[in-house]
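See below for the structure under consideration.
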Amino acid sequence: MDSISFETAMSLTGMAKSTLWRAIREGRVQHIVAKPASGHAKARVDLDSLIPRVTFRIEAEERAHILAADAGNAQSQLEVALMLLEADQAEQAALWLNQAAQQGLADAMCHLGQCLVSGTGVASDRDAAKTWLRGSAERGHALAAALVAGLEA
């Protein structure tokens, strides 16, 4: 049984934490209590029971990315962000882009910079956009380099 964090479940569904707990109490979503090596029990959400509440189609590849993103994989965080952007959930997408960008993934940095320029999912911030785009360009991302040049012209 695959499980994800409450934060990931809320991001995928747009549910508030209280709404997610209500769905669990009503039996519409299942939760799992995981006991990691630290010994502190942590509530998680069963991915299969959550899928009907997600607004976009989840096939095997998307499922794998969701699980890997939840575990902190930057490339999968970018993939989840792109899924959310396509599903018109820009605010949630920006959160995933930020997580992947913080890990230095050039594609995520470029996408986050573009979101910051356009105000997609976040408040428009040209200075922050330039910072992310420069970082992406320094990692060899050609589009980011072109976008930085355009912003500085």
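The values are calculated or read from the model by the stated rules, or taken from the named source; none is laboratory data. As the structure is a computational prediction, the values presented were derived from the model and not from experiment. Glycine also receives a Cβ, built like all others from the backbone with ideal geometry; neighbour counts cover every protein chain displayed.
Check the range 97-109 and report whether any residue there is out of contact with any helix residue (DSSP H, G or I) (no Cβ under 6 Å at 6 or more places or on another chain), in a loop (DSSP other than H, G, I, E, B) and either at pLDDT 95 or above or not assigned by TED's automatic domain parsing to the domain that holds residue 7 (or both).
Yes, some residue in the range 97-109 is out of contact with any helix residue (DSSP H, G or I) (no Cβ under 6 Å at 6 or more places or on another chain), in a loop (DSSP other than H, G, I, E, B) and either at pLDDT 95 or above or not assigned by TED's automatic domain parsing to the domain that holds residue 7 (or both).
If a residue must be surrounded by 15 or more Cβ atoms within 10 Å (Cβ to Cβ) and assigned to a loop (DSSP other than H, G, I, E, B), how many such residues does the range 3-27 contain? Let's see the steps before the verdict.
Start the filter on the range 3-27 by keeping residues that are surrounded by 15 or more Cβ atoms within 10 Å (Cβ to Cβ), which leaves 3-6, 8-15, 20-21, 23-24.
If we keep only those that are assigned to a loop (DSSP other than H, G, I, E, B) as well, we get 5, 14-15.
Result for the range 3-27: 3.
For the range 28-70, how many residues meet the condition of being under 17 Å from residue 10 (Cβ atoms) and assigned to a loop (DSSP other than H, G, I, E, B)?
7
Pairs only if they're at least six apart or on different chains, beta carbon under 6 angstrom, first in the range 49-68 and without any contact (Cβ under 8 Å) to a residue 40 or more places away in the chain and not assigned by TED's automatic domain parsing to the domain that holds residue 15, second polar (S, T, N, Q) and part of a helix (DSSP H, G or I); list them, first residue then second.
Close Cβ pairs satisfying both conditions: 65/76; 68/76.
Checking residue 124 against (1) within 21 Å of residue 149 (Cβ to Cβ); (2) part of a helix (DSSP H, G or I), which test does it fail?
Here residue 124 meets the rest and fails (2).
Show the residue pairs meeting these rules: Cβ distance below 8 Å; 6+ apart or different chains; first residue within the range 119-144 and in the same structural domain as residue 98 (by TED's automatic domain parsing) and at negative phi; second residue crowded, with 19+ Cβ neighbours inside 10 Å and among the hydroxyl-bearing types (Ser, Thr, Tyr).
Within 8 Å, the pairs are 144/136.
Please determine whether any residue of the range 53-65 is more than 18 Å from residue 5 (Cα to Cα), surrounded by 21 or more Cβ atoms within 10 Å (Cβ to Cβ) and more than 14 Å from the chain's Cα centre (by Cα).
Within the range 53-65, none of the residues are more than 18 Å from residue 5 (Cα to Cα), surrounded by 21 or more Cβ atoms within 10 Å (Cβ to Cβ) and more than 14 Å from the chain's Cα centre (by Cα).
Among the numbered criteria (1) surrounded by 16 or more Cβ atoms within 10 Å (Cβ to Cβ); (2) of a type in the set (A, V, I, L, M); (3) without any contact (Cβ under 8 Å) to a residue 12 or more places away in the chain, which single criterion is violated by residue 74?
Status for residue 74: all satisfied but (3).
Give me the pairs, please: first residue somewhere in the range 99-115 and more than 14 Å from residue 85 (Cβ to Cβ), second residue anywhere and not in a helix (DSSP H, G or I), beta-carbon distance under 6 Å, and either six or more positions apart or on two chains.
106/139; 106/141
Of all residues in the range 97-128, which are under 18 Å from the mean Cα position of the chain (by Cα) and among the aliphatic types (A, V, I, L, M)? Reasoning before the result, please.
First pass over the range 97-128, keeping only residues under 18 Å from the mean Cα position of the chain (by Cα): 97-116, 119-123.
Hits for the range 97-128 are 97, 100, 101, 105, 106, 108, 109, 112, 116, 122, 123.
Residue 94: within 23 Å of residue 11 (Cα to Cα) and touching a residue at least 24 places away in the same chain (Cβ under 8 Å), yes or no?
Details: within 23 Å of residue 11 (Cα to Cα): yes; touching a residue at least 24 places away in the same chain (Cβ under 8 Å): yes.
Taking the combined requirement at face value, the residue satisfies it.
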